[in-house]
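This report refers to the structure that appears directly beneath it.
The values are calculated or read from the model by the stated rules, or taken from the named source; none is laboratory data. Just so it is clear, the structure is predicted and the values come from calculations on it, not from any experiment. Methodologically, a virtual Cβ is constructed for each residue, glycine included, from the backbone with ideal geometry; neighbour enumeration extends over all protein chains shown. In case anyone asks, the SASA skips ligands and DNA or RNA and just uses the protein heavy atoms, side chains included. Shrake-Rupley method; radii C 1.70, N 1.55, O 1.52, S 1.80 Å.
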Amino acid sequence: MSAAQQHLTLAVESGTGGILLWVALPYVSLAVFVLGHIWRYRYDKFGWTTRSSQLHERRLLRIGSPLFHFGVLFVLLGHIGGLLVPESWTDAVGISEHTYHVLAVVVGTIAGVCTVGGLAILIYRRRTVGPVFSATTRNDKAMYLSLAVTIGLGLAATVAANIVGGGYNYRETISPWFRSIFYLQPDPDLMTGVPVLFQLHALSALLLFAAWPFTRLVHMLTAPLGYLTRPYIVYRSRDARLGSRAPHRGWERIR
């Protein structure tokens, strides 16, 4: 690549295009994420559900659901630690960058493989089991596609940069950019030069978070805490004497 081409590329990445992708889009996604959940809870409270399909099929669900949910839980915890915890903090508690990098790659790759495997089983189940497929909406299909793209790009970026390639320390670029969004001092220049797969993964995640409130993914932000404090349900048997008149034929009480 010539010097002129390199300058043009960097100018595009750190100019208007960079501001739109790495400043405007994150704030739009964050606003839609927050306001969308408020709107959903206010106007579609009874639609705040996973629409469970367990009654239709259980064998594949029993395998795919734990794989996906536990895998994505560790993926989210890894992202929270990697994006929100500065490198200086881990150095201060005695965790070297090499140790952190090896731990993040090993655990992240295992969690990513479990997540992808679980998602593949759930998609296969939803496509091949008739009643489950019939209950699948277009919204569900778009959600599964967004999840697959985001998770696949994240796993591909990890493998390409840290296993196939010579390694990439995203804590020096992506993490400070992510924190700068919440500091209200966004720095799009930090994303200049970031490997393409990491950029695509970040963009797909932003789009996924924008669509999150309008899908069944809302259930991930709730927990059935009300079950811990709600009163017992009392069942009482009906009186055997239902009245003095004899019931019509065919309407006798079943004992």
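Assorted remarks:
- Residue 96 being touching a Pro at 6+ places or on another chain (Cβ under 6 Å) and either surrounded by fewer than 16 Cβ atoms within 10 Å (Cβ to Cβ) or more than 27 Å from residue 216 (Cβ to Cβ) (or both): no
- Only one of 21, 35 that is open to solvent by 40 Å² or more (accessible area, probe 1.4 Å) and under 18 Å from the mean Cα position of the chain (by Cα): 35
- Single residue of 49, 9, 16 found to be at pLDDT below 90 and farther than 20 Å from residue 194 by Cβ: 49
- Spans of helices (runs of 4 or more DSSP H) in the range 111-216 with at least 3 residues open to solvent by 30 Å² or more (accessible area, probe 1.4 Å), without any contact (Cβ under 8 Å) to a residue 12 or more places away in the chain and under 29 Å from residue 43 (Cα atoms): 138-158
- Tally, over the range 19-55, of residues that are free of Cβ contacts under 8 Å to residues at least 60 places away in the same chain and in a loop (DSSP other than H, G, I, E, B): 4
- Residues of the range 68-82 satisfying the condition of being open to solvent by less than 30 Å² (accessible area, probe 1.4 Å) and over 13 Å from residue 107 (Cβ atoms): 68, 72
- Unique residue being out of contact with any helix residue (DSSP H, G or I) (no Cβ under 6 Å at 6 or more places or on another chain), at pLDDT 85 or above and assigned to a helix (DSSP H, G or I) when the list is 70, 74: 70
- Cβ-Cβ under 7 Å pairs, at least 6 apart or on other chains, the range 56-69 side among the hydrophobic types (A, V, I, L, M, F, W, C), far side in a loop (DSSP other than H, G, I, E, B): 61/54
- Matching residues, the range 86-101, being outside any helix (DSSP H, G or I) and farther than 13 Å from residue 172 by Cβ: 93, 94, 95, 96
- Selected residue [hydrophobic (A, V, I, L, M, F, W, C), in contact with a Lys or Arg (Cβ under 8 Å, 6 or more places away or on another chain) and either farther than 29 Å from residue 36 by Cα or at pLDDT below 90 (or both)] from 242, 221, 228: 242
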